Amino acid sequence: MNWDRIEGNWKQLKGKVRQEWGELTDDDVDVVGGKRENLLGKIQERYGIAKDEAEKKLDEWAQKLKDVFSDD
């Protein structure tokens, strides 16, 4: 799923973000506002992982969202 769609559906996706990354607070998720770089930074900060690992996890999560928001 592309990030324009994620950003556009951010309010709907907040719960899924919290399910995937439970260490993120509600405030973290609100501040991210659907911006990929902001979410990436918060994941790195809360989980203490490197940027490349955070990017991999974020990309995997975005792929899973295709099942929720099908382009078909």
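Of these, Glu7, Glu55, Glu23, Glu37, which one is among the charged types (D, E, K, R), loosely packed, with under 14 Cβ neighbours inside 10 Å and either in a helix (DSSP H, G or I) or on the phi > 0 side of the Ramachandran plot (or both)?
Answer to the selection: Glu37.
Is it the case that Gly48 is at positive phi and more than 12 Å from the chain's Cα centre (by Cα)?
Yes, satisfied.
Every residue in the range 10-20 that is under 18 Å from Lys64 (Cβ atoms) and open to solvent by 50 Å² or more (accessible area, probe 1.4 Å), please.
Gln12, Lys14, Lys16, Arg18, Gln19, Glu20
Please go through (1) part of a helix (DSSP H, G or I); (2) modelled with pLDDT under 95; (3) farther than 13 Å from Lys16 by Cα for Leu65 and return the number of the only condition it doesn't satisfy.
(3)
Looking at Leu65, Leu58, which one is in contact with a Leu (Cβ under 8 Å, 6 or more places away or on another chain) and touching a residue at least 40 places away in the same chain (Cβ under 8 Å)?
None of the other options fit; the residue is Leu65.
Answer with yes or no whether Lys35 is at pLDDT 95 or above and in contact with an Asp or Glu (Cβ under 7 Å, 6 or more places away or on another chain).
Considered against the rule, which asks whether it is at pLDDT 95 or above and in contact with an Asp or Glu (Cβ under 7 Å, 6 or more places away or on another chain), Lys35 comes out as yes.
Can you name every residue in the range 40-52 that is in contact with a helix residue (DSSP H, G or I) (Cβ under 8 Å, 6 or more places away or on another chain), in a helix (DSSP H, G or I) and not β-branched (Val, Ile, Thr)?
Leu40, Lys42, Gln44, Arg46, Tyr47, Lys51
The values are calculated or read from the model by the stated rules, or taken from the named source; none is laboratory data. Computed from a prediction, not measured in an experiment: that's the story for all the values here. Using ideal geometry, Cβ is built from the backbone for each residue, glycine included, and neighbour counts are taken over all protein chains shown. Keep in mind that these areas ignore ligands, DNA and RNA; they rest on the heavy atoms of the full protein, side chains included. Shrake-Rupley method; radii C 1.70, N 1.55, O 1.52, S 1.80 Å.
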